[in-house]
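Computed from the coordinates by the stated procedures, all read-outs in this text should not be read as laboratory data. Just so it is clear, the structure is predicted and the values come from calculations on it, not from any experiment. Counting neighbours? That spans all protein chains shown, and the Cβs are built from the backbone with ideal geometry, glycine included.
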Amino acid sequence: MANPSPGNSITYRADAPAGSSAASDLAAAVGSAGATLTSLEVVESSHRSLVVDVTCNTSDPEHAIQVEKALNQVAGVTVREARDRTFDMHLGGKIAVAPKVALRNSDDLSRAYTPGVARVCMAIAENPAEARRLTIKRNTVAVVSDGSAVLGLGNIGPAASLPVMEGKAALFKQFADVDAWPVVLDTQDTEEIIRIVKALAPGYGGVNLEDIAAPRCFEIERRLREELDIPVFHDDQHGTAIVTLAALTNALRLVGKNIEDVRIVVSGVGAAGSAIIALLKAQGATSIVAAGRSGTIHSRQDHSDEHRRWIAENTNPSGFEGSLKDALKGADVFIGVSAPNILDEADIAAMAPNAVVFAMANPTPEVDPAAAARHAAVVATGRSDFPNQINNVLAFPGLFRGLLDAGASDITTEMLVAAARAIADRVSPDELTASYIVPSVFDPLVAANVAAAVQTVARGNQEQGTK
C-alpha cells in the first residue's frame, strides 16, 4: 500500500458515546487501519453522546473504506458520513475572476465600460503595442491542454484535465501574482491546436502548454514559438528540466562532483526526458546515456522521431548498448521520468559511490526511495511525502513573472539555466544536506529570484537586439 497522503484526506463524522476514552479510542482505530490522524474535533456534545469529526490521511479510496470500517468497529461508534477533502476543495472549481477596479456608480461604469472604454479601444487600434499596457495582456497566461497526457493518468480528455489546469492557474496566482486561465481544447489534432492557440493569443501575454502528449507537443511548441510574438512554454518539458538541473546542481555540490565529469543515466525519452537532456548538456554535461522501453539509445539506431534522433546523435558518446539496468552500473547519476518500479535496490547499489538518484515517476517512483537511500548519497522524487520533491512550481510561476515583466517575446536556453541557478542558490551552503537540495515551494523568495534572473537575461537579449 502507498503511504497515506494529504491528497487522500478524509473527514469522518461519527457519533460516539460520551466519555473520557472516546478520543483515544477513535485515534487508535485510525492508527490500527494504517491511516495518519491529522485532526480530531468534537463538534457536538451532550451528557450521553458526542459528534466527532475525525480527519486523517489515507492511501487511496479502498483504504478510506477500511478506515471507516475500523471506526465503526469501536464500541458505540457509528460513522454518519465520510467527506473527501480533496473533492470538497474542487467543488465549484478552484479559481474565479475578480475585478481590479471598483464599480460603485455610473461614473465608474462610464470609464470601465461604455462610453469611456471606446477611447481605450481606439488607442489600441492605432497602436497595438498599447494592449500590453492597457489590458490584462501584460499579466495573463493561457494554460492550454488537450488532455492527452495528464499527470500519470494518460489520455483522459479535456474536461477531465480541467481540475489540473485550474490548479496550475491557482499556483500562478499564489506564487507569482500571474493571472492564468485554463484553456482546454476538445481536439488532439496538431494543426487545429496551433490554429486555436494562435487565434486566442491576442488576449494573453504568454502561453503555458500543459499535459500534451509527445511527440505532438514538440511540434506544437516549436510552431507556436515561431509564429507568435509572446513566449510559449511547455512546462512538462522545460519546467521539469529547470527544477531537475537546480536539484542536480546542489546534489553534485553536496557530493563534491562536477557535472562535466559525472556519468548520467536518464530513463524516459519523452517530453520531460528530452528537455532534461538538452538542458544538462547546455550546462556542461558530457556523458549522458538515455534509455527508453527497449534499452539505451545510441547513434547506430535509426529513429523516425526527430527528437529521439537528436538524443541518439547527442548522447551516449561511447555507444553503449544494453538495458537501463546495465547502463546504471557505475553511473554517478540516475534521472527517471518514466515508469514505476523499474529498478530495485541492487540496481542502485551497483552505481558509483556517492550516487545521486532522482526517481521522478509520479505517483510511484522508478525505485523505492527508502531502498535507494540505503545506497545513494542523495535521493529525490516527484512526491511531496518524501524529501527533495522536484516540483515544477519552483520554476514556472517565477519564469513567467520575469517574462511578462520584461515584455519578452521568446524563451531562450540561457533563461532556463538562469532560472535553475536561481532556484539552486536559494539553498545556502550551510543549509545544504542530503534531504534538502531544493528550496520549499512555499519559500516566498523563490519565484521572485527566478523572475529577476529571467528578467535580467530577457532585457539583456533585448538590448543586444537593439544594437
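Things worth noting here:
- Placing a label point 7 Å from the Cα of THR412 along the Cα-to-Cβ direction, the residues of the range 214-251 with a backbone N closer than 15 Å are 231.
- Estimated distance in nm for a label pair at GLU219 and ARG253, the labels positioned 7 Å out from Cα along Cα-to-Cβ: 4.2
- Taking the Cα centre of the range 1-144 as origin and assigning +1 to Lys and Arg Cβ atoms and -1 to Asp and Glu Cβ atoms, the resulting dipole is close to 860 debye.
- Bridges between two residues of the chain, per DSSP, are antiparallel at a rate of about 45%.
- Of the residues LEU224, VAL266, GLY19, the one whose Cα sits farthest toward the positive end of the charge dipole of the chain, with +1 on the Cβ of Lys and Arg and -1 on the Cβ of Asp and Glu, is LEU224.
- Residue (of ASN392, ALA285, LEU200) at the positive-pole extreme of the chain, dipole from beta-carbon charges: LEU200
- Packing here is the average count of other Cβ atoms within 10 Å per residue, and on that basis the peptides 66-79, 93-106, 418-431, highest first, run 418-431, 66-79, 93-106.
- Amide H contacts of LEU209 (H built 1.01 Å from N, in plane; Pro and chain starts excluded): VAL144, PHE233, HIS234, ASP235 sit under 5 Å, all sequence-distant by 5 or more or on other chains.
- Here the range 214-281 is treated with +1 on each Lys and Arg Cβ and -1 on each Asp and Glu Cβ, and its dipole about the Cα centre works out to around 320 debye.
- Distance between the modelled labels on SER440 and ASP186, one decimal in nanometres: 4.3 nm (7 Å Cα→Cβ projection).
- Multiplying the residue separation of ARG83 and ASP177 by 0.36 nm and subtracting their alpha-carbon distance yields 30.7 nm.
- The calculated 222 nm mean residue ellipticity attributable to helices in the chain amounts to -12000 deg cm²/dmol, summing -39500 (n - 2.57) over DSSP H runs of n ≥ 4 and dividing by all residues.
- Proximity of backbone amide H atoms, modeled 1.01 Å from N, is registered between ASN8 and THR58 at under 5 Å, excluding neighbours fewer than 5 places apart on the same chain.
- Gain upon complete extension [GLU313, ASN3; 0.36 nm per residue less C-alpha separation]: 107.5 nm
- The GluC sites (Glu not before Pro) of the range 175-282 that meet both conditions, a loop assignment by DSSP and at most 12 other Cβ atoms within 10 Å of the site Cβ, are GLU260.
- Distance violations [Cα-Cα > 27 Å] among LYS281/LYS329; LYS168/LYS198; LYS94/LYS137; LYS173/LYS198; LYS257/LYS281; LYS198/LYS281: LYS198/LYS281
- Per-pair calculated FRET efficiency, R0 = 41 Å: SER20 and ILE136 via Cβ, rounded to 0.05: 0.10
- Inter-site label distance for HIS90 and ALA28 at 7 Å from Cα along Cβ, in nm: 3.7
- A Cβ-based charge dipole, computed about the Cα centre of the chain with Lys and Arg at +1 and Asp and Glu at -1, lands at about 800 debye.
- Options (i) 24.6; (ii) 25.2; (iii) 22.9 - which one matches Kirkwood radius over Cα pairs in Å as calculated here: (i)
- Here the extension length gained between SER46 and ASP326 equals 94.1 nm, from 0.36 nm per residue of separation less the Cα-Cα distance.
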